[in-house]
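What follows draws every value from the coordinates through simple rules; no lab data is involved. Being a predicted model, the structure only gives us computed values, none of them experimental. Positions of Cβ are generated from backbone atoms using ideal geometry, with glycine treated the same way; all protein chains shown enter the neighbour counts.
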Amino acid sequence: MKNYLKTANKRFQEIEQFLSGITSKSTTRTQRRWIKNYQTAQRIYGRGLLGLIPKHHNKGWRRKSLEQEVFELMLSDIEENYENIKQPSIRHAYESFKEKCIANGFKAPSKETYRLTVRKRPQHQLQSKRMGSRAAYKEEPFYWYMHLEGTPTHGDRPFEICHIDHTEVDVELLSSIMLKYGVCESSLSESEQLEQINMGRAWATLMIDAYSRRILAVYMTFDPPSYRSNMMVLRICVARYGKLPQIIVVDCGTDFDSTDFETLLAYFGITKKQRPPAKPRYGSVIESFFGVADKEFWHNLMGNTQIMKNVRQVTSSVNPKNNAIWTLPKLYAYFCEYCYEVYDNCPHPGLRMSPREAFNIGNANAGNREQTLVNSEEFKLVALPSVTTLAGKRKVTQDGVKVNYIYYWHSSFSLIRGKKVDVKYDPFDITVAYAYVQGEWVQCQSRYIWELSGHSVRELMIAASELRKLNKLQNYQFGDVTAKKLAGFFKRIEMEESLLTPAWLQAKKAVQQQHLKDAELKQVIAFVSENPIHPEQQPTLLATETKVQLSEVVVSEVINETFEPLEEW
């Protein structure tokens, strides 16, 4: 297109003097044609330059070179002799077609014409006839997003197509641990105490069924999007429904391109489809829910961050950080109730019924499909991430297998010393790892189980990074990070702050911040494990203080907040 515009500009420069009448030179035949095109475009479009743009795309032979009878015979031959379960080659099918043309007194078209006609055939129909519906499934037209009307149903049944995405919630949160046990220093001012217990904003990960728009699983954490969030939302889906979707639609985030995520999907036969980047409307099935949740839930809570859009107008009295009252465990419980009960039972404008009704009707029509059921314990083990280097394997030494700076041991290692085994680790507990020994997965433990207990892999990585910084500052000849060094590091940062140097204080702050986030997350994971909230159960546990067991954590104003759905939902 840029070359076309250059040509149009060059032509205009040539005829400009004739259009303005400043020259009496005679025009060539080509220039007269350009002037005529310019004046015609000026009259029709108001922009004469459009008439000077070349029309090279209109060149060439436009009529069909084949007689209609030959073309129809070729289509018929492709359907009969190429699109069948024998899967003949194009060359073999063409030779058969050429003989048929000679027998009917027609001149046969070239093999390339036959080949191009085959390629223009609907690929889903072609593959279905040649290799069956299962092989042709990947060629089926895929609808990335839905309008209220005019777009075919997104999938033919529940759990056929699901979307997973993350969003940062618009609410500032506090630490339930620090609120409950009052670990803030009394000498600090009120604003400084609030700064100590403020945990920032959390990330919510959701899985939504595109057919019924039902929210299948919800997970919240302070950690940014990662494989851990993807694993947990799939784990919650298995706990609630006992099955996984056939197709998962995701964006182009790096967490969805991880080897562990790809392996998990491949193991359970799940197809991954990625939305193109910079086109959010392609994910409007789940993006539209994020907008609805903002209006109906997040923006109705104390400490919501709407006002931060005009940050220059924010004063300390209206700053969300100073008005935060929610904690992650409590907010997660209420958000689950909103997703699984309030939104689930409200009529959806694109369905003319509620997501729960659409889901149940779809299940009734498609059947239970018991062959798709997934064992929860099997999923937990498969979902654990593998070690990232050496193809997921580790060599068994006299100290065991080394994962993330730490050695793990199991009694069976004495029989396979020197061999390499597949190894997995638990991202939420660094005291254990899993090794595949003699046809089964065995649980291995670290010798520093007491010193390292209660720490996650993310906290371990932060600690290792801080340990490297400290050794560099102190001019130590730094070697490998070991479990012993990490255990000593964790022990030292628990010392009183008055006994630590500024560098150690900075390291302590970085690690303790992640430790607090992990402590909050453990309550969420415990809530998920103990209360899977099956779809057909009445989730009274969410609204009661006794079941949630966090009444001491949040001030009483939280309980009085209600969430009424908007009229259109």
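The eigenvalues of the Cα gyration tensor, multiplied by 5 and square-rooted, give the stretch 68-139 an equivalent ellipsoid with semi-axes of 24, 11, 10 Å from largest to smallest.
Could you rank the peptides 46-55, 82-91, 326-335 by their average count of other C-beta atoms within 10 Å per residue, with the highest value first? Don't skip to the answer; put the middle values down first.
Details: 46-55: 15.0, 82-91: 13.1, 326-335: 24.0.
Most protected by this proxy first, the peptides run 326-335, 46-55, 82-91.
Per the Kirkwood formula applied to alpha carbons, the stretch 259-383 shows a radius of gyration over Rh ratio, Rg over Rh, of 1.06.
Note down the relative contact order for the stretch 2-58 as a percent, whole number, built from C-alpha pairs under 8 angstrom at least six residues apart. Walk me through the numbers on the way to the answer.
Working: 46 pairs, mean separation 23.1, N = 57.
Result for the stretch 2-58 is 41 percent.
Separation of the stretch 103-135 and the stretch 341-406, taken as the distance between their Cα centroids, equals 40 angstrom.
Which shape class, rounded, prolate or oblate, goes with the stretch 386-447 when its Cα gyration tensor gives a ≥ b ≥ c as root eigenvalues, a/c under 1.5 marks rounded, and past that a/b bigger than b/c marks prolate? Since a/c stays below 1.5, the shape of the stretch 386-447 is classed as rounded. The value obtained for the stretch 2-58, namely the Cα convex hull volume divided by the number of residues, is 84 Å³ per residue.
Per the Kirkwood definition applied to all pairs of different Cα atoms, how many angstroms is the hydrodynamic radius of the stretch 1-130? Display every interim value, and only then the final one.
Details: mean 1/r = 0.0525 Å⁻¹.
Across the stretch 1-130, the inverse of the average 1/r is 19.1 Å.
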